[in-house]
Amino acid sequence: MTHPFSDSPFFRQQLYIGGKWSDALSGKTLAVEDPATGTILGSIPNGGTEETRLAIEAAHTAFKSFSQTTAAERADMLRLLHQLILDNKEVLAQILTAEQGKPLSEARGEVGMSAAYVLWFAEEARRTYGEIIPSPWQGRRIMATRQPVGVVGAITPWNFPSSMLARKIAPAIAAGCTMVCKPATQTPYSGLAWAELCEQAGIPAGVVNVVTGSAREIGAELTANPKVQKITFTGSTDVGKVLLTQAAQTVKKVSMELGGNAPFIVFDDADLDRAVEGAIASKFRNAGQTCVCTNRIYVQSGIYDRFIDKLTTATAALQIGRGTEAGTEIGPLVDGNSVDKVDELLADAVAKGGRVVAGGKRHALGANFFEPTVIADATSDMRFAREEIFGPLAPVFRFETEQGAIDLANDTEFGLACYFYTKDLGRAFRVSEALEYGIVGVNEGLVTTEVAPFGGFKESGMGREGSLHGIADYLEIKYVCMGGLNAAS
Ligand code: NAP
């Protein structure tokens, strides 16, 4: 089958190791489906332990010279990479929508965000300053310098197949590290497109390698191999825990961007229309499949009924369609399992007294489509109070007091993003300080930007991506004590 991107150099179906494109050593492949239609987009190599070992060797060899490049040289490479992404934004967005399902408008936004991360880290490459520290001894000087950690293993999820890699590839290159990347099997083409982009940008062979195939084998090799110094992972908390356990055996540095269970609190004094607009944006982006998507909406009793009315109207107006169709706001879910989970969570809520006021069933467009759904009268015993929904269900709970809302919001092992709406300045500070989350949107439902630190508290992870902190995880601090500096007697 042909696609608008079939002949594009960015649509790659091979591994990229040491600057060369290749198949899996076994010759085996895995098929990749378009979630909107179920048609096969193409295949990818079913690589594993051996291919990962080869990629690590390539990255290890490349590190010797790449770590010696100047910050200005790496910044220039990243600037070129940034321009290439912008020049090819449309085809990169088409590939992304085809494999992931999100509306083209969102895919364009994601590719634009990838470019923004690359430009940001092109700038940060030149600012990895060290320190001269006042010495407690005469005749000695104390310096702290920063140097690249070495070979980095990066594993990413399917929901943002372009930008989750951007947040890792860009700071790694900026710092002078080399990498082995493993994109999600359901959305590998945006990951392989990064390899083509890096090649075209003149990033030296072996600096960025991309392997696809068995997650278990690739993850095991990346975490066990002593030539890998750091693991950076974005994905579910369950897989993050497996990788943390494995990486402990060789004491690697780790960054973890894991699952969320975002509360969205609307106080009686909120701007109601703004709150509804924020809830729609933060709940239904990517059909509810983002780690910062609103999972639980808490509304104070004084405005509960009016909020439900407005949210129901706005949700019913959302346009469902294939991502490639103009005007689509909600595309398919990534696969049948995701649709089944949404169905189960909905049935559980209805059995426990939840009231469906918008949507509520699978959509006629295809097996992976589900109507955006609002459930009123949600209660804490329903499964989605604890579990990440990752789909277009918006449960609305009722609360009475500020402290009650804070307690409900914090009653989870997750701590990635949260949102609340109020016009009271004192409350804005009190509540944002009390919420146990790494990211807080106050009167804002979409807050991700390359200039701000992204990451979670509690079981949502460790480390931060983006911002001036995003490069820190790719740098080791070295303390140098220079002695014998007193004048010769
Ligand atoms: P996932 O199942 O954890 O998979 C993520 C990646 O890990 C994929 O590349 C997957 O490979 C790989 N993987 C799976 N099992 C593995 C193993 N045993 N060893 C090594 N790698 C393994 O997550 P997902 O379903 O793709 O993504 C959704 C999750 O990601 C949600 O929980 C979401 O909240 C989280 N997320 C977090 C952030 C953040 O910044 N905090 C951002 C986006 C998403 P295969 O594809 O081959 O299975």
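The values are calculated or read from the model by the stated rules, or taken from the named source; none is laboratory data. Quick caveat, the model's predicted, so the values are computed rather than measured. Don't worry about glycine lacking a Cβ; one is built from the backbone with ideal geometry, like all the others, and counts go over all protein chains shown. When the accessible area is computed, the model is the full protein with side chains, heavy atoms only, and any ligands, DNA or RNA have been set aside. Shrake-Rupley method; radii C 1.70, N 1.55, O 1.52, S 1.80 Å.
Return yes or no: is A36 under 29 Å from L365 (Cα atoms), small (G, A, S) and buried (at least 21 other Cβ atoms within 10 Å of the Cβ)? Against the criterion (under 29 Å from L365 (Cα atoms), small (G, A, S) and buried (at least 21 other Cβ atoms within 10 Å of the Cβ)), A36 qualifies.
Whether any residue in the stretch 149-163 is buried (at least 24 other Cβ atoms within 10 Å of the Cβ), modelled with pLDDT of 95 or more, within 12 Å of the ligand (Cβ to nearest atom) and in a helix (DSSP H, G or I) is what I want to check. Taking every residue of the stretch 149-163 in turn, at least one turns out to be buried (at least 24 other Cβ atoms within 10 Å of the Cβ), modelled with pLDDT of 95 or more, within 12 Å of the ligand (Cβ to nearest atom) and in a helix (DSSP H, G or I). For the stretch 192-207, the condition holds for no residue, the condition being that it is within 11 Å of the ligand (Cβ to nearest atom), closer than 27 Å to G101 by Cβ, modelled with pLDDT of 95 or more and surrounded by 20 or more Cβ atoms within 10 Å (Cβ to Cβ). Answer with yes or no whether L365 is among the hydrophobic types (A, V, I, L, M, F, W, C) and closer than 19 Å to G101 by Cα. Answer is yes for this residue. Within the stretch 170-185, one or more residues are surrounded by fewer than 24 Cβ atoms within 10 Å (Cβ to Cβ) and either over 25 Å from V451 (Cα atoms) or more than 8 Å from the ligand (Cβ to nearest atom) (or both).
Is there a residue being away from the ligand (no atom under 15 Å from the Cβ), open to solvent by less than 10 Å² (accessible area, probe 1.4 Å) and not in a helix (DSSP H, G or I) anywhere in the stretch 246-265? Within the stretch 246-265, one or more residues are away from the ligand (no atom under 15 Å from the Cβ), open to solvent by less than 10 Å² (accessible area, probe 1.4 Å) and not in a helix (DSSP H, G or I). The residues of the stretch 217-226 that are over 11 Å from G47 (Cα atoms), of a type outside the set (A, V, I, L, M) and in a helix (DSSP H, G or I), listed by number, are G219, E221, T223.
This table checks each residue for (1) in contact (Cβ under 8 Å) with a residue 24 or more places away in the chain; (2) farther than 21 Å from A316 by Cα; (3) within 16 Å of the ligand (Cβ to nearest atom); (4) basic (K, R).
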{"position": "V356", "(1), (2), (3), (4)": "no, no, no, no"}
{"position": "G359", "(1), (2), (3), (4)": "yes, no, no, no"}
{"position": "D377", "(1), (2), (3), (4)": "yes, no, no, no"}
{"position": "N443", "(1), (2), (3), (4)": "yes, yes, no, no"}
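For the stretch 165-208, a residue qualifies if it is under 18 Å from the mean Cα position of the chain (by Cα), part of a loop (DSSP other than H, G, I, E, B) and over 16 Å from V91 (Cβ atoms), and the qualifying residues are P183, A184, T185, Q186.
Within the stretch 206-223, being closer than 11 Å to G48 by Cα and of a type in the set (S, T, N, Q) holds for T212, S214. Suppose the filter is aliphatic (A, V, I, L, M), within 16 Å of the ligand (Cβ to nearest atom), modelled with pLDDT of 95 or more and outside any strand (DSSP E or B); does L119 pass it? No.
Check whether at least one residue in the stretch 64-83 is farther than 16 Å from F121 by Cβ, hydrophobic (A, V, I, L, M, F, W, C) and in contact with a strand residue (DSSP E or B) (Cβ under 7 Å, 6 or more places away or on another chain), and report yes or no. The answer is no; no qualifying residue exists. Condition (residue is of a type outside the set (K, R) and closer than 17 Å to S190 by Cβ) applied to the stretch 56-78: is it met by at least one residue? Within the stretch 56-78 (the criterion being of a type outside the set (K, R) and closer than 17 Å to S190 by Cβ), the answer is no, since none of the residues qualifies. Looking across the stretch 8-46 at every residue that is outside any loop (DSSP other than H, G, I, E, B) and within 23 Å of the chain's Cα centre (by Cα), the one that is farthest from L333 (Cα to Cα) is identified as Y16.
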